[in-house]
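Each remark here refers to the structure printed beneath this line.
The values are calculated or read from the model by the stated rules, or taken from the named source; none is laboratory data. Treat the numbers as computed from the prediction; the structure is a model and nothing was measured. Here the Cβ positions follow ideal geometry from the backbone for every residue, glycine too, while neighbour counts run over all protein chains shown.
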């Protein structure tokens with residue numbers, strides 16, 4: 001990354017429902033708003049095209065890799081607005097025909113796909129009446145993904161991955177971590193900001209977290225609090241629950257300053 005470069009980056013927050021067309025329209029509106037505010041890289045939240053009542057709805061919405069209306073929407077939006085677009089996550093076909101891959105796709109400003117990451121760690125939580133088990137319908141990914149861009153090297157992760165620091169170490173040195181999520185209100189209130197800031201500090205990089213936030217039509221409540229964190233752990237911008245856009249500047253000089261003053265990445269032994 002050019003040490004003099006400054007670039008605006010944006011996290012989009014949504015409260016997606018069960019209608020794919022309506023969610024894509026809302027995502028398109030917010031991408032346009034981010035671009036109007038000067039963002040050159042924009043990230044959507046996990047499950048931005050669909051949060052329904054049942055796993056069956058997501059399975060029915062699966063697309064084959066490289067083809068489908070959701071993937072076309074992402075490519076077209078990136079090209080239309082001239083932004084690098086990180087497509088949150090969407091359901092793609094899996095090796096197991098009864099499951100899906102929860103995949104994050106990245107596109108450059110020409111609409112060309114440049115990366116795909118499939119969520120590796122599958123969320124499971126049970127407390128009282130609240131219960132989740134992603135492994136029932138999702139097939140885990142196996143590959144860590146980081147790629148080069150005009151903003152430096154970008155690492156991709158999704159939601160529950162945030163709790164596993166070894167995943168981020170496996171990426172090597174990155175300049176920006178992008179983490180789409182749909183954290184529950186229960187776990188998000190306890191751990192979301194804590195974990196985001198820790199990942200930014202220990203990897204000495206910027207972190208862009210784009211979240212679902214609010215009460216969804218199916219009754220689920222997600223934590224929101226999309227934010228952008230700098231390499232020192234400072235929160236540069238954030239949004240509580242409503243749909244909207246979080247924008248901040250990614251400053252290569254700040255990145256270099258933090259790494260030079262506290263060269264923790266060079267001090268690693270294990």
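Quick notes
- Inside the range 147-179, residues that are within 24 Å of residue 93 (Cβ to Cβ) and out of contact with any helix residue (DSSP H, G or I) (no Cβ under 7 Å at 6 or more places or on another chain) make up a count of 6.
- Filtering 181, 198 for residues that are crowded, with 22+ Cβ neighbours inside 10 Å and either under 10 Å from residue 162 (Cβ atoms) or modelled with pLDDT of 95 or more (or both) leaves a single hit, 181.
- Residues of the range 108-121 classified as at negative phi, over 15 Å from the mean Cα position of the chain (by Cα) and part of a loop (DSSP other than H, G, I, E, B), total: 4
- Residue check for residue 38: closer than 25 Å to residue 236 by Cβ and assigned to a loop (DSSP other than H, G, I, E, B): yes
- Qualifying residue in the range 57-80 (condition: within 29 Å of residue 203 (Cα to Cα) and surrounded by 18 or more Cβ atoms within 10 Å (Cβ to Cβ)): yes
- Selection count, the range 165-185, where residues are in contact with a strand residue (DSSP E or B) (Cβ under 6 Å, 6 or more places away or on another chain) and either assigned to a helix (DSSP H, G or I) or over 27 Å from residue 129 (Cβ atoms) (or both): 8
- Selection of the range 217-232 for residues being at pLDDT 95 or above and within 24 Å of residue 131 (Cβ to Cβ) yields 222, 223, 224, 225.
- Exactly one residue among 195, 162, 208 is under 20 Å from residue 249 (Cα atoms) and either outside any helix (DSSP H, G or I) or within 15 Å of the chain's Cα centre (by Cα) (or both), and that residue is 208.
- Residue list for the range 214-229, filter: over 13 Å from the mean Cα position of the chain (by Cα) and either in a loop (DSSP other than H, G, I, E, B) or within 14 Å of residue 242 (Cα to Cα) (or both): 214, 215, 216, 217, 218, 219, 220, 221, 222, 223
- Number of positions in the range 128-159 that are assigned to a strand (DSSP E or B), surrounded by fewer than 18 Cβ atoms within 10 Å (Cβ to Cβ) and in contact (Cβ under 8 Å) with a residue 60 or more places away in the chain: 1
- Which numbered condition residue 57 misses (of (1) out of contact with any strand residue (DSSP E or B) (no Cβ under 6 Å at 6 or more places or on another chain); (2) touching a residue at least 40 places away in the same chain (Cβ under 8 Å); (3) part of a helix (DSSP H, G or I)): (2)
- Here residue 172 does not qualify as under 30 Å from residue 253 (Cβ atoms), buried (at least 17 other Cβ atoms within 10 Å of the Cβ) and modelled with pLDDT of 95 or more.
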